[in-house]
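Here the structure comes first, spelled out in structure tokens, and everything after it is commentary.
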Amino acid sequence: MANGNKKTDFVYDAEQIQVLEGLEAVRRRPGMYIGGTDTKALHHMVYEVVDNAIDEAMQGRCDHIWITIHKDESVTVTDNGAGIPVAIQQQMGMSALTVVMTKLHAGGKFGGGGYKVSGGLHGVGVSAVNALSTWMETTVKRNGKIYRQRFERGIPVTGVDEIGICDPSDTGTSQRFLRDDTIFQVFEYDWPTLITRFREMAFLTRGVDFTFVDERPEQA
């Protein structure tokens, strides 16, 4: 029997359809990308960046990964891989570094040209970390030059700046980020949990050395 008291005061038309573009979708629905906003999700941010370094190792381009938790709770992940490309990516008309850091599903893991094997989220991981960070700085050593770009809540606030030179054989990527306190429910990383995970990663990624440093005073 039909309900004669059906409510009609709710307006549902074309204007109620919202489209979240780019990294705004990540910030609005973090659980879809890193599983939530709790301690596990906070640690997942670190794992995603480390996974990118491990992908480099799986291609034989990296044999050392450094992970540092700084006093301000920011995290740096550095590898001695090939370094994220910085040249203009023709499809997007911007530096490939900017594309990787700000566009979902962007990276060298799709067509098989850049990576034969990959263990990460296929381009979602690092851009999601960028979106959920108060700030993130990416430093790249490539072709004898050092480049850096800074982001705030996923938005570039600088260009890809050339900040120095290095030996052409000295290559790699360094990612430093500070989680966004307006997103996460917890703000501290758990030392034993991270140590256990990185030991597992080291065991599964033969030929790669891991260095883990915790600079926080309470860990001294």
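A DSSP coil position with no more than 13 other Cβ atoms inside 10 Å describes the following trypsin sites (Lys or Arg not before Pro) in the range 150-220: Arg206. Contact order, relative form, for the range 22-219: 27 percent (alpha carbon pairs under 8 Å, 6 or more residues apart, mean separation divided by residue count). Close amide H pairs (under 5 Å, H built 1.01 Å from N) link Asp214 with Ile69, residues at least 5 positions away or on another chain.
Selection among Phe151, Gly207, Leu194 by position relative to the dipole of the range 142-220 gives Gly207 as farthest towards the positive end (Cβ unit charges, Cα centre).
DSSP bridge analysis restricted to the range 22-219 gives an antiparallel fraction near 85%, rounded to the nearest 5. Mean sequence separation of contacting Cα pairs (under 8 Å, at least six apart), scaled by the length of the range 146-192, corresponds to a relative contact order of 26 percent.
Quick note: the coordinates plus some simple rules give every number you see, no bench work behind them. All figures in this text were calculated on a predicted structure; none of them were measured in a lab. Backbone-built Cβ (ideal geometry, glycine too); neighbour counts: all protein chains shown.
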